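Below you'll find the structure, written out as structure tokens, and then a few comments.
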Amino acid sequence: MSKATVLVRLKTEVLDPQGDAVKRALDKLGFEGVKGVRIGKLIEIDLGDAPVTDQAALRSRLEKMADEMLANPVIEDYEIRI
């Protein structure tokens, strides 16, 4: 069974209030040395049992999924792992 992973994160110039809240909570819990937290999402896509023979076509298809559905390209970047 093949899987692809798409890691979606806010662009560095976009504020991350959820990450800021997690950092404040870590500070309150006594975890020292945490300079910042950024929150993202990890999406696993099951590609089934068919062998992946054309990596370029698969990557192109996954990029299209990410651009059209999985990420908001205005505020998010993504990384694809096959």
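We did not get these values from a lab; they are worked out from the coordinates using the rules stated. These numbers were taken from a predicted model, which means no experiment stands behind them. No Cβ is skipped: glycine too gets one built from the backbone with ideal geometry, and neighbour counts run over all protein chains shown.
Things worth noting here:
- Here the extension length gained between E44 and R81 equals 12.4 nm, from 0.36 nm per residue of separation less the Cα-Cα distance.
- Built amide H within the under 5 Å cut-off of D16, gap 5+: none
- In summary, the aspartates and glutamates within cross-link reach of K41, defined as a Cα separation below 20 angstrom excluding same-chain residues under 8 places away, comprise E13, D16, D20, E63, D67, E68, E76, D77, E79.
- If R0 equals 25 Å, the separation of the Cβ atoms of F31 and V74 corresponds to a calculated FRET efficiency of about 0.15.
- Residues of the range 1-40 with an amide N closer than 15 Å to a point placed 7 Å from the Cα of L58 along the Cα-to-Cβ direction: 1-6.
- Counted by Cβ distance under 13 Å from K11, the other residues give a net charge of -3, where Lys and Arg count +1 and Asp and Glu count -1.
- Rounded FRET efficiency, nearest 0.05, which uses the C-beta distance separating R24 from D67 and R0 of 35 Å: 0.60
- Restricting the calculation to Cα atoms, the chain shows an Rg/Rh of 1.12 when the hydrodynamic-style radius is the Kirkwood one.
- Under the Karplus curve 6.51 cos²θ - 1.76 cosθ + 1.60, θ = phi - 60°, whole-Hz ³J(HN,Hα) for the range 10-25, x wherever Gly or Pro sits: 5, 4, 4, 7, 9, 5, 10, x, 5, x, 4, 5, 5, 4, 4, 5
- The chain: angle of helix 55-65 to the longest principal axis, Cα-based, in degrees nearest 10: 50 degrees
- Sum of side-chain charges, K23 neighbourhood, beta-carbon under 15 Å (Lys, Arg +1; Asp, Glu -1): 0
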